[in-house]
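In what follows, a single structure is set out as structure tokens and then discussed.
Nothing in this text is a laboratory measurement; each read-out follows from the coordinates by a stated rule. Everything numeric here is computed off the predicted structure, so don't read it as measured data. Because the Cβ atoms are built from the backbone with ideal geometry, glycine has one as well, and the counts that use them run over all protein chains shown.
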Amino acid sequence: MSIISGPTSNFFYHNKYEDHEKTKEKLVKKITDIINNDKVNTKNPFGIKCNIISSHDCPKNINAFLSEDQEFVSKLIWNNIDKLIEKYNERNIFKLNINNSIITAGWFNCYEKCDFQESHAHHGNPISMGNKIYIPSFSIIYILHDENDKNSTTFQYNPSKFTASFADNFGNIDTSKINDISEGTIIIFPFDFFHFVIPTIKKRITLSYNIYSSVI
């Protein structure tokens, strides 16, 4: 479990999920069934430069299984966000003061050989719920299944300086070089932290979540 910080306010946290094997068996089967039933049928789900099978743009009922198990959500997401905030606040003068958080979206991404995702961030607008205003706070990647030797995600500190999607020599975090980031790892990072996925060699399935928070 660690937080890696860089020259800007961007950071990311990673930790192994304790119930990974049981979760993987159940969710990989569910995702495979959804794809085989043609409920997800696009290789370019975001209308931009990428090549993956994703449920991002599917109706909410297709992705409901990713957040309806409250024990799974608590262990994977809320417990790790609590750990992230605790570790971050121990190391930084400016604290993360978060009152309450909600999941606004959850989806899966499936990569086959040579599939990739372009540089992007999970931007969003504030929403009102009850008597509270929630603003975008964190994004999450959970590596559910990965047959590759190393992880494929790279985080970008200065995306405006890039001339190619897969450049990696501008002080970025290349997670393939971090040995304890592999299948079963959850990664949490600020919603506006740009990142991309280099072409995969073998099959890879990830879950993604967007988290919004009310601030004290």
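Laid out as a table, the results:
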quantity: Cα-based Rg / Dmax (Å) for the chain; calculated: 16.7, 50
quantity: Order of 211, 3 under a 10 Å beta carbon neighbour criterion, fewest first; calculated: 3, 211
quantity: Mean Cβ neighbour count within 10 Å, used as a protection proxy, ranking 92-98, 14-20, 136-142, 201-207 highest first; calculated: 136-142, 201-207, 14-20, 92-98
quantity: Rg in Å to one decimal, and Dmax rounded to a whole Å, for the stretch 17-98 via C-alpha atoms; calculated: 16.9, 50
quantity: Mean residue ellipticity (222 nm) of the chain, computed from DSSP H runs ≥ 4 via -39,500 (n - 2.57), nearest 500; calculated: -5000 deg cm²/dmol
quantity: Stretchable slack from residue 89 to residue 25, in nm (0.36 nm times residue separation minus alpha-carbon distance); calculated: 19.5 nm
quantity: Where labels lie 7 Å past Cα in the beta-carbon direction, separation of residue 102 and residue 114 in nm; calculated: 4.3
quantity: Estimated dipole of the chain in Debye, rounded to 20 [Cβ of Lys and Arg +1, of Asp and Glu -1, Cα centre]; calculated: 240
